[in-house]
Amino acid sequence: MKTFHLFVFSIFAFVLPACAQADEDILWQKFFTQIELSKTWVAATVDSSYTEEEKNWLSPSQFAKRAKLSKWANGEPVRTIENLPGAIPSSKTHVSSPIANHPNLVLSGVTFHQREADQMIDGDTWAVYTLKLGTKKRPQTAKVWLQPDSGKPMKMEFSFSASMEGTVLYQSNEAGISLPIRFVLEHEKPGMPKHWVIVFENLEWISRPATELVGLNNLYHVQLDSFQVQNAGRSK
């Protein structure tokens, strides 16, 4: 199993007037609470697809895998991998992201958050924040769009490097918990021929069994900006 880490650069901070700080802090706390509530949920099924320019942009469905929860091991879900219907039969690897197991990783190592001007999207007003997170060796930046009343996220965008970007889309489940239903990674480097996209569809979210809650507050060894390449038939 190989693990790849994606590196990011920092961006500018935006300063609000002092009179807005109280409301900004309340909204941020609501968002933080939403993410904390999500940490006990796991995607039982993860569909992933991979395309790259060197493959002449064949249909993503031709290189798609489905990883379905089969058991638990040391508090982590173990999934069995299969080809999605219509995909090219292949014993090649499946790519997974830890966000399906640990949704709260989107705020791992947050060191700074600042509210920007609200944005109107499809007739709705969204509160916008810029974030700094990660570590000194691997600083990260992100932007998040929140419902201004509930603090529930609609989308997060990450700038992993000059050539790497990521987008997380959210949806609330029946319990009202905001969960990352889609994670898209895209790599395109100017002057280089290789351009690839990985899409993760995180499906069928379930609450962790009480016996599998060990270690949820000890994820220092897991980073959102990493993904794993796994052999067919084995997954996490």
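For this structure, a couple of remarks:
- Residue identified as over 27 Å from ALA44 (Cβ atoms) and in a strand (DSSP E or B) among LEU203, LEU169, LEU133, LEU179: LEU133
- The one condition in (1) of a type outside the set (A, V, I, L, M); (2) under 13 Å from the mean Cα position of the chain (by Cα); (3) in a loop (DSSP other than H, G, I, E, B) that LYS155 fails to fulfil: (3)
- Verdict on LYS143 being more than 24 Å from ILE181 (Cβ to Cβ) and assigned to a strand (DSSP E or B): no
- When ALA67, ALA18, ALA73, ALA22 are screened for being surrounded by fewer than 11 Cβ atoms within 10 Å (Cβ to Cβ) and modelled with pLDDT of 85 or more, only ALA73 passes.
- Qualifying positions in the stretch 120-153 - on the phi > 0 side of the Ramachandran plot and surrounded by 12 or more Cβ atoms within 10 Å (Cβ to Cβ): GLY134, GLY151
- Qualifying residue in the stretch 81-100 (condition: modelled with pLDDT of 85 or more and in a strand (DSSP E or B)): no
- Looking only at the stretch 197-221, and only at residues there that are within 24 Å of ILE81 (Cβ to Cβ) and modelled with pLDDT under 80, the one that is surrounded by the fewest Cβ atoms within 10 Å (Cβ to Cβ): HIS221
The values are calculated or read from the model by the stated rules, or taken from the named source; none is laboratory data. Keep in mind the model is a prediction, meaning the values are calculated, not measured. Ideal geometry is used to build each Cβ from the backbone, glycine not excepted, and the neighbour counts take in all protein chains shown.
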